[in-house]
Amino acid sequence: MIVAETERLTLRHASPDDAIAMRSVFCDPEVMQHGDGLQTDDWIRLWITRMNCNYNERGYGLWIITQSFDTLAIGYCGLTWFPNINGRPEVEVGYRLARAYWGRGYATEAAMSVRNLAFSHHDLDRLIAVIEPDNSRSIRVAEKLGMKYDGEVLLDGYDHSDSVYACQRE
Ligand SMILES: CC(C)(COP(=O)(O)OP(=O)(O)OC[C@H]1O[C@@H](n2cnc3c(N)ncnc32)[C@H](O)[C@@H]1OP(=O)(O)O)[C@@H](O)C(=O)NCCC(=O)NCCS
């Protein structure tokens, strides 16, 4: 199911058929340098199942990005609910692209459409991005979304703090 279309990209629900293409995201050390590390094929299949549960239960999740002229998954962008970020529930905008597609403005283009969906369709008032402090590319994308630095958070299971960027619905 298509969720959003931008000038160059389509965002749609993840399907089991995306598992092989998403290896170029979840199994590339450069793409996974910031985050939970390299993942396996079984983990990718589970991720796709988990995303489909999120779409059903919350109405949102992380969606597959494709170029508009193609059906090949090149990454993801979407929304994740966190029950407790420094004592309050938050919704995060997340983005990750296969290495071959970096540097074209795709992450910003996808994330802007997700931000607009979050504020219009999902009626959210605030969005955050949780970013490792040395992930300059990702911080730049957050800034281009209109997000500002909003403090630090130590997530469960992590041994270092991440930076929180946030923006409000205008
Ligand atoms: C972060 C990521 C999604 C960005 O994707 P992208 O499509 O290349 O991003 P965009 O082209 O929309 O924007 C990147 C911005 O970062 C800038 N940038 C690129 N390399 C940079 C660097 N080393 N330091 C600082 N800024 C940098 C670009 O110039 C651009 O900003 P500009 O438009 O003002 O020039 C992509 O690099 C990625 O998937 N990284 C690995 C996963 C990840 O870290 N995800 C975020 C987890 S919080």
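Look at the range 27-43: where a residue is more than 19 Å from Asp17 (Cα to Cα) and a partner is outside any loop (DSSP other than H, G, I, E, B) and of a type in the set (A, V, I, L, M, F, W, C), sitting 6+ places away or on another chain with Cβ atoms under 6 Å, you get Val31/Val25. If you go through the range 40-59 and pick out every residue that is open to solvent by less than 20 Å² (accessible area, probe 1.4 Å) and either in contact with a His (Cβ under 7 Å, 6 or more places away or on another chain) or at pLDDT below 95 (or both), you end up with 1. Within the range 60-76, the residues that satisfy the criterion of being surrounded by 12 or more Cβ atoms within 10 Å (Cβ to Cβ) and closer than 19 Å to Arg99 by Cβ are Leu62, Ile64, Ile65, Thr66, Gln67, Leu72, Ala73, Ile74, Gly75, Tyr76. The set of residues in the range 59-113 that are within 13 Å of the ligand (Cβ to nearest atom), among the hydrophobic types (A, V, I, L, M, F, W, C) and in contact (Cβ under 8 Å) with a residue 60 or more places away in the chain comprises Cys77, Leu97, Ala98, Ala100, Ala110, Met112. Where strands (runs of 3 or more DSSP E) fall entirely within the range 119-170, those with at least 2 residues that are within 12 Å of the ligand (Cβ to nearest atom) and open to solvent by less than 20 Å² (accessible area, probe 1.4 Å) are at 126-131, 162-168.
How many residues are outside any helix (DSSP H, G or I) and out of contact with any strand residue (DSSP E or B) (no Cβ under 8 Å at 6 or more places or on another chain) when one looks only at the range 16-63? Residues that pass the stated criteria total 14.
The values are calculated or read from the model by the stated rules, or taken from the named source; none is laboratory data. All figures in this text were calculated on a predicted structure; none of them were measured in a lab. Counting neighbours? That spans all protein chains shown, and the Cβs are built from the backbone with ideal geometry, glycine included. What goes into the accessible areas is simple: the full protein's heavy atoms, side chains included, and nothing from ligands, DNA or RNA. Shrake-Rupley method; radii C 1.70, N 1.55, O 1.52, S 1.80 Å.
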